[in-house]
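Quick notes on the structure that follows.
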Amino acid sequence: MPKSIVVLISGSGSNLQAIMDSIDSGRINGRISAVISNKDGVFGLERARNAGIATEVLDHKQFDSRKQFDAAMAELIDSYAADLVVLAGFMRILTPEFVRHFQGRMLNIHPSLLPKYKGLHTHQRALEAGDSQHGCTVHFVTEELDGGPLLVQGAVSIDPDDTEESLQQKVHKVEHQIYPLAVEWLCADRAKWTSEGVILDDSNLGERGFQYQQN
Ligand code: NHR
Ligand code: GAR
């Protein structure tokens, strides 16, 4: 059975698009049951509608607390019988209750080589630190912000003339390669998070996850 995937977004949804394209090409054994945004009017919603995918807007400002917002969102996601929840540029921190409910079946893509630069403004921070490398990481979501077990990461080099924008563009390109790959592995039951760590096929990936080489 193809897996039911629910994608959470807050913005342009280019990672959502990369996953939709990979489904269309037959690489991912799954279907996107719904795209949920906490912001109305974002381009990611249009991408989903253009592809005939159900969309939902759940505006966090309409709720009295994070807890209530997350409870409503969990219920909405469950109504689509999600096997996998994919955070694709989703910008609201999730409560422990929410995270526990989807533990082991919720992924996030973060624009840094975790465990470096958890949180926001990662490109700027990598540049200011004078790093020679930067990148992105797909990880399982846990209560610890950007702190869950790593599944796959892809690196890019930082060149002397890179700016925040140029670096962000380079990282985005790799995001669009590694996120569909991670979703493919989970939908094929090839990857999972166990008490031993993150497993791909029969090998334990270790602390840093699979190291993707851009071609
Ligand atoms: N929630 C949990 N519990 N654990 C994670 O690992 C999460 C998460 C929610 C989102 C994505 C994350 C990222 O990849 C993510 C991972 C938003 C913020 C943030 O500070 C930080 C990290 C991430 C997403 N959000 C502000 C807030 O108050 C709002 C910022 C805004 O709206 O622009 O929620 O980087
Ligand atoms: C991506 O670069 C993703 O790594 C980042 O937001 C962008 C979303 O782009 N995520 C975060 O910063 C999470 N806090 P997209 O909407 O085009 O996929």
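Dipole size of the chain about its Cα centre, with +1 on Lys/Arg Cβ and -1 on Asp/Glu Cβ: approximately 280 debye, rounded to the nearest 20.
Taken about its Cα centre, the range 89-143 carries a charge dipole of about 120 debye when Lys and Arg each add +1 at the Cβ and Asp and Glu each add -1 at the Cβ. Bridge orientation summary for the range 98-215: considering DSSP beta bridges with both residues in this region, about 85 percent are antiparallel. Can you tell me how the range 1-45 classifies by the Cα gyration tensor, rounded, prolate or oblate, using a/c under 1.5 as the rounded cut? Oblate, since a/c reaches 1.5 and b/c is not below a/b.
The mean sequence separation of alpha-carbon pairs under 8 Å and at least six residues apart, normalised by the residue count of the range 92-211, gives a relative contact order of 24 percent. Annotation for Q211 and M91: the two label points, set 7 Å from Cα along the Cα-Cβ direction, are 3.4 nm apart. Projecting label points 7 angstrom from Cα along Cα→Cβ for L127 and D83 puts them 4.1 nm apart.
In terms of distances greater than 30 angstrom between alpha carbons, the cross-link table entries K39/K116; K3/K116; K67/K192; K67/K173 yield K3/K116; K67/K173. Less than 14 Å Cβ to Cβ from P115, Lys/Arg counted +1 and Asp/Glu -1: what total charge do the surrounding residues give? Local net charge: 0. Springs between Cα atoms under 10 Å define the GNM used for the chain, and in it the highest mean-square fluctuation of N50, N29, N204 occurs at N50. Our note on the geometry: Cα centres of the range 133-207 and the range 1-53, 18 Å apart. Neighbours of L186, meaning other residues whose beta-carbon lies under 15 angstrom from its beta-carbon, give a summed charge of +2 when Lys and Arg score +1 and Asp and Glu score -1. Its Cα gyration tensor gives the range 53-115 an equivalent ellipsoid, and the semi-axes of that ellipsoid, as √(5λ) in whole Å with the largest first, are 19, 15, 13. Modelled this way, with points 7 Å down the Cα-to-C-beta line, the labels at L120 and L200 are 3.1 nm from one another. Pull out a ≥ b ≥ c, the square roots of the eigenvalues of the alpha-carbon gyration tensor of the chain, then state rounded if a/c is under 1.5, prolate if not and a/b is larger than b/c, and oblate in the remaining case. It is rounded, given that a/c, with a ≥ b ≥ c, falls under 1.5. Going by neighbour counts of Cβ atoms within 10 Å, the residues M91, M106, M1 line up, fewest first, as M1, M91, M106.
FYI, it's all coordinate maths here, none of it is from the lab. The shown structure was predicted, so the numbers you read here are calculated from the model rather than taken from an experiment. Neighbour counts are summed over all protein chains in view; Cβ atoms, including those assigned to glycine, are modelled from backbone coordinates with ideal geometry.
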